[in-house]
1. Filter the stretch 74-102 for residues that are of a type outside the set (D, E, K, R) and under 10 Å from the mean Cα position of the chain (by Cα) and give the result.
2. With the requirement that a residue be surrounded by fewer than 19 Cβ atoms within 10 Å (Cβ to Cβ) and within 12 Å of Val19 (Cβ to Cβ), what does the stretch 50-89 give you?
3. Scan the stretch 103-117 residue by residue and report those that are surrounded by fewer than 17 Cβ atoms within 10 Å (Cβ to Cβ), closer than 17 Å to Ser41 by Cα and over 14 Å from the mean Cα position of the chain (by Cα).
4. From the residues in the stretch 60-73 that are of a type outside the set (S, T, N, Q), more than 12 Å from the chain's Cα centre (by Cα) and in a helix (DSSP H, G or I), which one is nearest to Val30 (Cα to Cα)?
5. Looking at (1) touching a Phe, Trp or Tyr at 6+ places or on another chain (Cβ under 7 Å); (2) assigned to a helix (DSSP H, G or I), which is the only condition Phe96 fails?
6. Please enumerate the residues belonging to the stretch 35-60 that are closer than 17 Å to Arg93 by Cα and among the small types (Gly, Ala, Ser).
Amino acid sequence: MDYGRRTMAGEEPLLRAAVRRAEIAITTEVRRAIPDARVTSFGAIDLYPSCLAFWICVATDAQRDSLLGDAAFADRMRRIVADCGYPADSVDRVGFTSESDETVDRDWAGNWYHAMK
């Protein structure tokens, strides 16, 4: 398959399935340290498979800072995404971040949609 600059007809379902597998695997990995963590993703993968971001949502700023302070965090997450079948030529550009309910409540009146914009 050619994942090029724009996906070909029929490839988007394959990409979405890989993203869903990655969300589950990332959630499993992160919950080893933070049992109530949640994972979500978004992106225009039908246009560019590399336009994908994963957000790890946690309860506290301390939990968020722990994840973001881990220098190998993004590399581990990228390996998971690759292992879930996402195109190898896009994995290095997939984004990862973490945010806390505390910050979203404080800075965005609890609105995750606005926090992620």
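None of the figures in this text is laboratory data; all of them are computed from the coordinates on show. All values derive from a computational prediction rather than experimental measurement. Every residue, glycine as well, gets a Cβ built from its backbone with ideal geometry; the counts of neighbours run over all protein chains shown.
1. Just the residues of the stretch 74-102 that are of a type outside the set (D, E, K, R), to begin with: 74, 77, 80-82, 84-88, 90-91, 94-98, 100.
Scanning the stretch 74-102 gives Ala74, Met77, Val81, Val94, Gly95, Phe96, Thr97, Ser98.
2. Cys51, Ala53, Cys84, Gly85
3. Within the stretch 103-117, Asn111, Trp112, Tyr113, His114, Lys117 qualify.
4. Going residue by residue through the stretch 60-73, those that are of a type outside the set (S, T, N, Q) are 61-62, 64-65, 67-73.
In the following step, the residues that additionally are more than 12 Å from the chain's Cα centre (by Cα) were identified as 61-62, 64-65, 67-72.
Now restrict to residues that are in a helix (DSSP H, G or I): 61-62, 64-65, 67-68.
Values: Asp61: 15, Ala62: 14, Arg64: 11, Asp65: 13, Leu67: 9, Leu68: 12 Å.
My answer is Leu67.
5. Here Phe96 meets the rest and fails (2).
6. Ser41, Gly43, Ala44, Ser50, Ala53 - these are the residues of the stretch 35-60 that are closer than 17 Å to Arg93 by Cα and among the small types (Gly, Ala, Ser).
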